[in-house]
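Taking it in order: structure first as structure tokens, then the write-up.
What follows is calculated from the coordinates using simple rules that are stated; it is not laboratory data. Nothing here was measured: the structure is a model prediction, and the numbers come from that model. Glycine also receives a Cβ, built like all others from the backbone with ideal geometry; neighbour counts cover every protein chain displayed.
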Amino acid sequence: QVQLVESGGGLVQPGGSLRLSCAASGNQISVYAMAWYRQCPGKQRELVGYITKGGSTSYADSVRGRFTISRDNAVNTVYLQMNSLKAEDTAVYYCNAGYYLFSRYSSSDSWGRGTQVTVSS
């Protein structure tokens, strides 16, 4: 099973940017589709977006045009570039190694511990 560690979170002002990283070990991410999720206190974890093994991406409506997911299989890392951040983007962000099946992302049990992103002035 792949182990995942997220990093790059922090406090940023509205309109600012952050880049999150998800470093994998124990297996190569090249065999997985990879996704970013986020969870606000008291709410369910929601899918932010994913990237397939072939590099195709898909995003939630709330972040499309502001967030970009990329992957570098050579260093076994997935990234989430977040621009034009809003207060409602405040959450713990998690990455997941899963599968792209039947035109949708299916998560696995491979989760990181998450990284906190706080957008506030």
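Dividing the alpha-carbon radius of gyration of segment 18-73 by the rule-of-thumb value 2.2 N^0.38 Å gives 1.20. Stretching E88 away from R19 to a fully extended chain increases their span by 23.2 nm, per 0.36 nm per residue minus the current alpha-carbon distance. Could you compute how fast the chain diffuses translationally, taking Rh as the Kirkwood radius over C-alpha pairs and applying Stokes-Einstein at 20 °C with viscosity 1.002 mPa s? Give it in µm² per second. Using the Kirkwood radius from Cα pairs, D works out to 151 µm²/s. Relative contact order of segment 1-63: 23 percent, from C-alpha pairs under 8 Å at least 6 residues apart in sequence. Take every Cα pair under 8 Å whose residues are at least 6 apart in sequence, average their separation, divide by the length of segment 43-121, and the relative contact order is 22 percent. Quick one: among L47, L11, L85, which has the greatest mean-square fluctuation in a GNM of the chain with alpha-carbon springs under 10 angstrom? Sorting by GNM fluctuation, first place goes to L11. Applying both filters, DSSP loop and at most 12 other Cβ atoms within 10 Å, to the chymotrypsin sites (Phe, Trp or Tyr not before Pro) of segment 34-121 gives F102. Close amide H partners of G16, meaning residues 5 or more places away or on another chain with modelled amide H under 5 Å apart, are L85. Dividing the mean sequence gap of close Cα pairs (under 8 Å, 6+ apart) by how many residues segment 82-121 holds gives a relative contact order of 49 percent.
What the phi angles of segment 4-21 give under the Karplus curve with 6.51, -1.76 and 1.60, with θ = phi - 60°, is a coupling list of 10, 10, 8, 7, x, x, x, 9, 9, 7, x, x, x, 10, 9, 10, 8, 10 Hz, glycine and proline written as x. With loop membership from DSSP and a limit of 10 other Cβ atoms within 10 Å, the longest segment of the chain without trypsin sites (Lys or Arg not before Pro) is 44-112.
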